[in-house]
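Okay, so here's the structure we're looking at.
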Amino acid sequence: MKIALTNPVTNQIKECPIDTFNWWVFFFSILVPLYRRDWKWFGIGLLLAVVLFLIPVPGASKGCAAIGLIGGFFYNFWYVKGLIRNGWKVTTLPNGITPKQLKRLGLPSTAA
């Protein structure tokens, strides 16, 4: 299920999945936010990478796996929500989107 967003200033359109596991984030971690120019999540991921890889922390490999798993499940949602907060407008909602999903994105339930 994808949601279409439009930047009102540049008229750029992005189609973003909102309910699927993101395998790219699971395998490539902070490279995905870097590619999408999502500087907030790139910075957070970079900070976590520094803590887990450069500072000897017991159980760092388990932490990396947990971050990849959590990021894989939630990054698409966080990315779309960040775009909406930055002024992007929802242009197309997918069929079958639930009021609960709309509420999580900060959209009115009547948008569907």
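All of the numbers you see were taken from the coordinates with simple rules; none came from a lab. Treat the numbers as computed from the prediction; the structure is a model and nothing was measured. With ideal geometry, Cβ positions are generated from the backbone for all residues, glycine too; neighbour counts draw on all protein chains shown.
The P(r) of the chain has a tail past 16 Å containing 62 percent of all C-alpha pairs.
Mind pulling the angle between the C-alpha long axis of helix 60-85 and the longest principal axis of the chain? Nearest 10 degrees, somewhere in 0 to 90. With both axes taken from Cα atoms, the answer is about 20 degrees. For the stretch 1-60, the Kirkwood estimate of the hydrodynamic radius, built from every pair of different alpha carbons, is 13.6 Å. Relative to the dominant Cα principal axis of the chain, helix 39-49 is inclined by about 20°. The relative contact order of the chain, computed from alpha carbon pairs under 8 Å that lie at least 6 residues apart in sequence, is 36 percent. The lysines within cross-link reach of residue 62, meaning a Cα-to-Cα straight distance under 29 Å and a gap of 8 or more places when in the same chain, are 40, 81. A simple spin-label model places pseudo-atoms 7 Å from Cα toward Cβ; at residue 69 and residue 85 they are separated by 2.6 nm.
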